Amino acid sequence: MSRIAKRFATLKAENRAGLVSFIMANDPDRATCQRVLNGLPAAGADLIELGMPFTDPMADGPAIQLAAQRALAAGGSLRGTLEMVAEFRKTDKDTPVILMGYYNPIYAWGAEKFAGDAALAGVDGLIIVDLPPEEAGELVPHLRAAAIDFIVLTTPTSDDARLPVVLANASGFVYYVSIAGITGTGSATKSAIEEAVSRIRHHTDLPVCVGFGIKTPDQAAEVARLAEGAVVGSAIVSVLAETKSAEAPLALVKELAVGVREARR
Amino acid sequence: MQSLNTYRAGPDERGHFGIFGGRYVAETLMPLILQVEKAYAAAKADPAFEAEFRELLAQYVGRPNPLYFARRLTEAFGGAKIFLKREDLNHTGAHKINNCIGQILLARRMGKQRIIAETGAGQHGVATATVCALFGMQCVIYMGSTDIERQMPNVYRMKLLGAEVKPVTSGAATLKDAMNDALRDWVSNVDSTYYLIGTVAGPHPYPAMVRDFQSVIGEEVRAQIMAAEGRLPDSLVACIGGGSNAMGLFHPFLDEPSVRIIGVEAAGHGLDKLHAASLTGGKPGVLHGNRTYLLQDGDGQIAEAHSISAGLDYPGIGPEHSWLHESGRVEYVSIKDDEAVEAFQQCTRLEGIIPALESSHAIAYAGKIAPNLPKDHLMVINLSGRGDKDVSTIAKALGDVHLGGLV
């Protein structure tokens, strides 16, 4: 069983949702970022999304755009991102790590070679923002061969006709992008999320994680009642940007984890 | 796949020209992109759509514009017979308006009321603001703050036309960054908004659609040169940023083997320094919805382009150009900033025509090869736009010696 499947099985047994926390690799520098990454499981992150820095993050709002700029200015690269995952795996064998970003750095690496190298580093899944099902055929078979999950994004614009097309490639879990917009901006209403998640469940048995616009423990708790996971990114990244230390973002993750863990009690 | 006996059949049904093109966009946008594709296919098959497009090109844009025999440039070059396709005489002063007319009609068919666009030199922004004024639609233009500074007259024109100009400060604050922000806007306003892309790039169907609307340039050239000379031209020369004026001129001639076709990229300070020559100095990658040649580093990070001409200052190129490059049908060359400035002055002084700095790249390359060609060689240069917008950039480039008093 993959780390991702195992983790969701454990969460189910504990009758709770998971906290999925996002940070950008190499933000604000390698050492600080590695401290945050290594500290995430103890702070209560159940799954980790690690951003692959890219010069042109077209689907991201200001917080994550700036994180990518800081990461690149500090020498960040796809190679560095894999090195960080390998380093993390020295101390944690169980927490799933999902890389999230844009396709060009992977294409430049070579899709097949990258899948193999990512698996060696200990990567469990990939979220590629600009690789819709229409183009995913050039990457997905290589990921399957390397036992890496391709996590698909569904959005408020994914209707019942579109969902089966998107979900055809899916494994691991489904990431529901709860607003039609960029990261770190507006938040969806509870009823909108509820409706969307139930629609997704008609088409798949995979766990559903909800992201975009979740900033506070209360919001995370609300989502945790509706889905298998709540994704928080921009809020953590913003705290890291303000303090430039590993402690403050980990403290926020702790608060978010409490929100998620207490949601179904 | 394209069949072997034609260069004009692409893209395939998935929007691919060979390995180039495609639809590399966020899932939020995919349903809308598919709608645009469907709506465009329906419009293309509708004679009423075509008739309204042609009517507006004639009555509003002022087409056909002349294919002008440039006697003094011909004499100065001392070889090939030089013709200028006068896109600069279109309403709003560049070829950009052709595509904007087509797409605003499509946006109206799709029931969209809000139009967004990116712009580099401001010509596409002005053309978009113009058609939005004409059709009474809300208009938001994304423009890099670097470009706003060097193209101030166009910024003010857009504002006068009722558009909101949003400055973009990320990255180098030029065309690439403006396109990022336009895509972010689109993802956030999918229901209300139509993205009017200004060049033959972006996700399918944009590269093919923009090419189709711009092909009026090449179609006219074909009829005009037949009328003037009784035969096809021997060569075509056009500048390339994203490549829409070039594709519009080239496409109707791709299957004429006797016609030599040359695209001129911007070599900026030089190919070993900062430049914008994606085909000459880049490699295939994925950005802004399509796979195409991109300026990038070994890690797949996109490099900043440089050209003195804001309209060519982009690290990518339309995917069909990438395919024509690899297939060898079109020659792609490059011209440096200083060579373009020189050609700008030459055309202005000799012909009394102030060309856009973008088009000046094409003139400069023509000036390199024309002297060695026979006098009966017919060469068509696409004069894609007028250069009034570039006067202060030129004054700066020339310093106090010539026009310094202006800056």
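Look at the dipole of chain B built from charges on Cβ: of B:G289, B:Y7, B:M179, the Cα furthest out on the positive end belongs to B:Y7.
In terms of the Cα gyration tensor, with a ≥ b ≥ c the square roots of its eigenvalues, is region B:319-363 rounded because a/c is under 1.5, prolate because a/b exceeds b/c, or oblate? Prolate shape, in that a/c is at least 1.5 and a/b is the bigger ratio. Put simply, the amide H of B:K336, placed in the peptide plane, has neighbours under 5 Å in B:A267, leaving out anything fewer than 5 places away on its chain. Starting from one equal scatterer on each C-alpha and no solvent at all, send me the Debye-based log10 I(q)/I(0) for the protein assembly as shown at q = 0.10 Å⁻¹, two decimals. Normalising to I(0) and taking log10 leaves -0.90. Cα centroid separation, region B:224-238 to region B:79-128: 24 Å. Label separation (A:K12 vs B:E331): 6.5 nm, computed from points 7 Å beyond Cα along the C-beta direction.
Here's the picture: charge each Lys and Arg Cβ at +1 and each Asp and Glu Cβ at -1 in the protein assembly as shown, and of A:T216, A:T81, B:A246 the one pushed furthest to the positive end of that dipole is A:T216.
Beta bridges from DSSP with both residues in chain B: antiparallel share about 30 percent, rounded to the nearest 5.
Report relative contact order for region B:4-127 in percent, whole number only (criteria: Cα-Cα under 8 Å, sequence separation at least 6). For region B:4-127, the relative contact order is 17 percent. Computing the accessible area with a 1.4 Å probe over protein heavy atoms, can you report the carbon and sulfur percentage for chain B? Ligands and nucleic acids excluded, carbon and sulfur give 53 percent. Distance from the C-alpha centroid of region A:40-68 to that of region B:252-307: 30 Å, rounded to the whole angstrom. Heavy-atom accessible surface of the protein assembly as shown, averaged per residue, reaches 34 Å², computed with a 1.4 Å probe. Taking 0.36 nm per residue of sequence separation and removing the Cα-Cα distance, the B:D191/B:A58 pair yields an extension gain of 44.7 nm. Rounded to the nearest Hz, the phi-derived 3J(HN,Hα) couplings of region B:353-363 under the Karplus curve 6.51 cos²θ - 1.76 cosθ + 1.60 (θ = phi - 60°) are 10, 8, x, 4, 4, 4, 4, 4, 4, 5, 4, where x marks glycine and proline. Relative contact order of region A:3-262, please, whole-number percent, based on alpha carbon pairs below 8 angstrom and at least 6 residues apart. After rounding, I find 24 percent. How would you classify region B:16-128 from its alpha-carbon gyration tensor, with a ≥ b ≥ c the square roots of the eigenvalues: rounded for a/c under 1.5, else prolate if a/b is greater than b/c, otherwise oblate? Taking the square roots of the gyration eigenvalues as a ≥ b ≥ c, region B:16-128 is prolate. Residue by residue, region B:369-378 carries 3J(HN,Hα) couplings of 9, 4, x, 8, 9, x, 5, 9, 6, 9 Hz when phi is fed to the Karplus relation 6.51 cos²θ - 1.76 cosθ + 1.60 (θ = phi - 60°); x denotes Gly or Pro. Placing +1 on the Cβ of every Lys and Arg and -1 on the Cβ of every Asp and Glu, with nothing else charged, gives chain A a dipole about its Cα centre of roughly 700 debye. GNM on chain A, alpha-carbon springs under 10 angstrom: the most fluctuating residue among A:A235, A:A67, A:A192 is A:A192. Under a Gaussian network description of chain B, with springs only between Cα atoms under 10 Å, the residue in B:D88, B:D147, B:D388 that fluctuates furthest is B:D388. Across B:R211, B:R63, B:R184, mean-square fluctuation computed from a Gaussian network of chain B (C-alpha pairs under 10 Å connected) peaks at B:R184. When only alpha carbons are used to place a centre, region A:136-175 and region A:186-207 end up 16 Å from one another.
The A-B contact accounts for approximately 2800 Å² of buried accessible area, totalled over both chains at a 1.4 Å probe radius.
Here the accessible area of region A:3-262 is 54 percent carbon and sulfur, with a 1.4 angstrom probe and all protein chains present. Which loop-located trypsin sites (Lys or Arg not before Pro) does region B:318-379 contain, where loop means any DSSP state but H, G, I, E or B and the Cβ has at most 10 other Cβ atoms within 10 Å? When the trypsin sites (Lys or Arg not before Pro) of region B:318-379 are filtered for loop state and at most 10 Cβ neighbours within 10 Å, B:K375 remain. If a/c stays under 1.5 just call it rounded; otherwise compare a/b with b/c (prolate if a/b is bigger, oblate if not). Do that for region A:3-262, with a ≥ b ≥ c from the square roots of the Cα gyration tensor eigenvalues. Because its axes are fairly even, with a/c under 1.5, region A:3-262 counts as rounded.
Burial annotation for region A:170-198: residues with an accessible-area loss of at least 30 Å² between the isolated chain and the complete set of protein chains, computed on heavy atoms with a 1.4 Å probe, are A:A180, A:G181, A:I182.
The values are calculated or read from the model by the stated rules, or taken from the named source; none is laboratory data. Small disclaimer: the values here were computed from a predicted structure and weren't measured. Reconstructed Cβ throughout: ideal geometry from the backbone, glycine too, with neighbour counts over all protein chains shown. Side chains are part of the model used for accessible areas, which takes the heavy atoms of the whole protein and leaves out ligands, DNA and RNA. Shrake-Rupley method; radii C 1.70, N 1.55, O 1.52, S 1.80 Å.
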